[in-house]
Amino acid sequence: MKITSVDIIRTVPPGEGIVVTWSPVFVRVNTDEGICGYGEAGVAYSSGPDAAVGMIADFARYITGMDPTHVEEVWNRLHRDTFWGMGGGTIVMSAISALDIALWDIKGKKLNAPVHELLGGKMRSRLRAYASQIQTGWGDTAVSLSSPADYAQAARDAMSDGYTCVKVDPVGFNKDAVWMHRDWNTRGLLTEEMLDVAYQRVAAIREAGGPGLDIIIELHALTDTNSAIQLGKRLEALNCYYYEEPTQPLNPELFAVIAQNISIPLAAGERIYSRWGYLPFFQNRSLSVIQPDLCNCGGITEGKKICDMAHAFDVGVQIHVCGGPITTAAALQLEAVIPNFLIHEQHHNALLQENIEMCKWDYQPVNGYFEIPDRPGIGQEVTEETIRKSRVITVK
């Protein structure tokens, strides 16, 4: 079997209804046996999609003619022989990830087996999920929330769907529900007013959910070391599950400082790439939970290695899922097999029809739990309608 071409599918932003610009970048790797595989670059949101398209096009030229079932060989060629591959970073690793996931999809289809069987087989039959980003509400529309009462209602809405865990960013929206407003400075030191706004939002969620609800605090690295410690100390009394991206991840020592000053376990990973990027966080043991995104950490091949390294350091895994349906499908395959799986991220955008309709199958949890797909490969494909509406670049 040989790779004959790679189709790069640049979807168009759907416009209204999603809080941030949303345009997943998919790939379809084609072979001389008529089997094709689908992958995704993990830059669906905010900046980066066009850069990922270019990077995938550059890297695709290195793998045409190779055997797609030799996944490790292809991965190492992309990492070592492209020069920039060993430098890593968001765009480079998102390109490697997209192509790698597509190769696993091809291999599973050729062998008529789901990827989780190729990775060692399922350790569990279902996966606990949490409702992610409830500061934009919970349901089939996205809104910007401000008042503690609204945050409490979003938690109740998620719980009515069977979730026993939610994630919220309590500082991203100011009091007027404006995201990251220039007068709402979350770095440096937080004012007492800002601390109180954040605390009251989370306290309202805790009251609505009671002791049976786990609460993950999402900070999007909008805070820095000082403000993250301030806020963490204020939230400790609310018994939060873990504390995500309290600062940007380029200086692992700062995570150690935060971990030493608050009692809430720390998590990060969507902006950490490859096993080499994760290593210093394991060595200083600042993270209790890692959140690798399979669509930008290096794909399924590298994601499995990262999770296995985490296991050696007693670190739990929550795969980061904030892209299109290919992202979800890939995550479910890996989460089924790793011993240190903690919980699956069900992002609010996964409920939105614009996102669901991009691919053939709609994987959603039932009563807060995912079943593990058993279709061959990753178990997901981009629809022909999505491809027709997208800008497609073919590399041969």
(message) Can you give the FRET efficiency to the nearest 0.05 for E354 and R156, using r as the Cβ-Cβ distance and R₀ = 35 Å?
(response) 0.90
(request) Could you state the orientation-averaged shadow area of the convex hull built on the Cα atoms of the chain, in nm² to one decimal? (result) 17.3
(message) Quick check: pseudo-label points 7 Å beyond the Cα along Cα→Cβ at D32 and T191, how many nm apart are they?
(response) 6.8
(message) Give me the net charge for the shell around A312: Cβ to Cβ below 12 angstrom, other residues only, Lys and Arg +1, Asp and Glu -1.
(response) +1
(request) With +1 on each Lys and Arg Cβ and -1 on each Asp and Glu Cβ, and nothing else charged, work out how big the dipole of region 28-128 is about its Cα centre, in Debye to the nearest 20. (result) 520
(request) At 1.4 Å probe size, with no ligands or nucleic acids counted, give the accessible surface of K233 in Å², nearest ten. (result) 110
(message) Cβ neighbours within 10 Å, averaged per peptide: list 223-229, 156-162 in order, most packed at the top.
(response) 223-229, 156-162
(request) Identify, among S125, V171, V197, the residue whose Cα sits farthest towards the positive end of the charge dipole of region 116-275, taking +1 on the Cβ of Lys and Arg and -1 on the Cβ of Asp and Glu, with the dipole about the Cα centre. (result) S125
(request) For region 257-348, with all protein chains present and a 1.4 Å probe, just round the carbon and sulfur fraction of the accessible area to a whole percent. (result) 53
(request) Could you check the simple spin-label distance between W84 and D67, using points 7 Å along Cα→Cβ, in nm with one decimal? (result) 3.0
(message) Over all directions, the average projected area of the alpha-carbon convex hull for region 301-396 comes to how many nm²?
(response) 7.7
(message) Please compute the length gained on full extension between A57 and K175, using 0.36 nm multiplied by the number of residues separating them and subtracting their Cα-Cα distance.
(response) 38.1 nm
(message) With n ≥ 4 as the cut-off for DSSP H runs, can you work out [θ] at 222 nm for the chain, using -39500 (n - 2.57) per run divided by the number of residues, rounded to the nearest 500?
(response) -11500 deg cm²/dmol
(request) Could you work out how far apart the two model spin labels at L238 and S144 are, taking each label as a point 7 Å from the Cα in the direction of the beta carbon, and quote it in nm? (result) 2.1
(message) Expected output is a single nm value to one decimal: the length gained when fully extending between K396 and S5, i.e. 0.36 nm times separation in residues minus the C-alpha distance. What is it?
(response) 140.3 nm
(request) Could you work out, for region 215-330, what percent of all Cα-Cα pairs fall into each 5 Å distance bin, beginning at 0 Å and stopping at the bin that holds the largest distance? (result) 2, 13, 24, 24, 19, 11, 6, 1
(message) Compute, for the chain, the length of the dipole vector about the Cα centre, with Cβ point charges of +1 (Lys, Arg) and -1 (Asp, Glu) only. Units Debye, rounded to 20.
(response) 640
(request) Would you mind calculating the relative contact order of the chain from Cα pairs under 8 angstrom and at least 6 residues apart, reporting the percent as a whole number? (result) 22
(message) Can you tally the lysine pairs in the chain where the Cα-Cα distance is under 22 Å and the two residues are eight or more apart, or on different chains?
(response) 23
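The values are calculated or read from the model by the stated rules, or taken from the named source; none is laboratory data. Predicted model, so just to flag it, every value in this text is computed and none were measured. In this analysis, Cβ positions are derived from the backbone assuming ideal geometry, glycine residues included, and neighbour counts consider all displayed protein chains. Accessible surface areas use protein heavy atoms only, side chains included; no ligands, DNA or RNA. Shrake-Rupley method; radii C 1.70, N 1.55, O 1.52, S 1.80 Å.
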